[in-house]
1. Give the residues of segment 101-115 that are farther than 15 Å from Tyr36 by Cβ and assigned to a helix (DSSP H, G or I), sorted by residue number.
2. If we keep just the residues of segment 49-100 that are within 12 Å of the ligand (Cβ to nearest atom) and in a loop (DSSP other than H, G, I, E, B), which is nearest to Tyr143 (Cα to Cα)?
3. Out of (1) closer than 24 Å to Asp48 by Cα; (2) buried (at least 22 other Cβ atoms within 10 Å of the Cβ), the odd one out for Phe202 is which?
4. Select from segment 16-30 the residues that are within 22 Å of the chain's Cα centre (by Cα) and surrounded by fewer than 19 Cβ atoms within 10 Å (Cβ to Cβ) and write down the one among them that is farthest from the ligand (Cβ to nearest atom).
5. Looking only at segment 1-48, filter to residues that are assigned to a loop (DSSP other than H, G, I, E, B) and among the basic types (Lys, Arg); which one of those is farthest from Ile138 (Cα to Cα)?
6. Here are some conditions: (1) surrounded by 20 or more Cβ atoms within 10 Å (Cβ to Cβ); (2) within 15 Å of Tyr277 (Cα to Cα). Tyr188 meets all but one. Which one does it not meet?
7. Restricting to segment 121-145, give me the number of residues that are crowded, with 16+ Cβ neighbours inside 10 Å and in a helix (DSSP H, G or I).
8. Within segment 136-147, take every residue that is within 13 Å of the ligand (Cβ to nearest atom) and in contact with a strand residue (DSSP E or B) (Cβ under 6 Å, 6 or more places away or on another chain) and give me the one that is nearest to Glu22 (Cα to Cα).
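Please treat every number below as a calculation from the coordinates, not as lab data. This is a predicted model, so every value here is computed, not measured. Using ideal geometry, Cβ is built from the backbone for each residue, glycine included, and neighbour counts are taken over all protein chains shown.
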Amino acid sequence: MEFSRSVMDLTKERVSVRTYEEQIIDPEKLGKIENYLQKLNEGNTTKDRYLLFNMENFKDEDVKNIWKPNVIKGTRYCIIGISDKKEMSEISFGYDFEKIILYATELGLGTCWLGGAFNRDGLSKHLNLNGEEFVNIITPIGYEKDSFRFMPGAMNLAFRAKSRKPWKVLFHHNVPENPLSEEEAGDYKEPLEMVRQAPSGFNRQPWRILKENQKFHFFIGIRSSYGFLPHDLGKIEIGIAKCHFELTAKEKGLKGRWKALGDHEQSFSLPNKWKYYITWIDES
Ligand SMILES: Cc1cc2nc3c(=O)[nH]c(=O)nc-3n(C[C@H](O)[C@H](O)[C@H](O)COP(=O)(O)O)c2cc1C
């Protein structure tokens, strides 16, 4: 198992936290995060790298200058995902960064994916970026401030349910016009549900998944790139979906593998806006 706690519990517990206690993070937790990031960096076959950024010794105004006004408050720590402009690999970046988010959740720390709402240039000045590197995504980490939502996962999920699109919009059976029911999803009900609960930019929930026998095809169903962002948001979100789907499937003892089907292997006809990325082939 990837984490010592259930990935389904961590998924249900995680929410975007934007206001934090002004509190130093327990050094043991910071050490664990450093180790986790180091392991990810060592095992990485892409040009992405992840680092912990500690602003404990910064002046207040310098910290405020990193966070944009009225977005993130209270914390002096973040995890930074750095990528290479010429060799972007957004899908694996999204997958890894979401694992980092779930790991921080396991440590009892709040997080919030930030693709746009921080001072990218100001932060970059503190980093030794080399060559074509740039700051891709960051997350603040810290202790969530006076949250009324410190409640068990199930209640948190009920609280969040309203902000998520229904199954019939996201999951489809054989053809895009045909919704996939929870019964038809079988053992994959939870892996799919964990995709539905995942974070996405602007909460757009762009994922569309088509089940065809033992195959689950993953698409982005709405606009994917935005000029003001340095990355293709849709690809990052496919990585997030892969992370939740695969880790939940593994936790349930399901076996399978990812394959990007070639054009000739794609039998489905799609709505205009859908763009195909990857397929999970169940081998249980
Ligand atoms: C790739 C990505 C980029 C995001 N960028 C921002 C951001 O710049 N500012 C922000 O406040 N939230 C950002 N978010 C957080 C989303 O708004 C949030 O995940 C979504 O509204 C769902 O809410 P939840 O995370 O509480 O479940 C981002 C999320 C993702 C996945």
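1. Scanning segment 101-115 gives no hits.
2. Ile72
3. Result: Phe202 passes all but (2).
4. The residue in question is Leu30.
5. Per the stated criteria, the residue is Arg5.
6. Here Tyr188 clears every test but (2).
7. So the answer is 1.
8. Across segment 136-147, the extreme among qualifying residues is Glu144.
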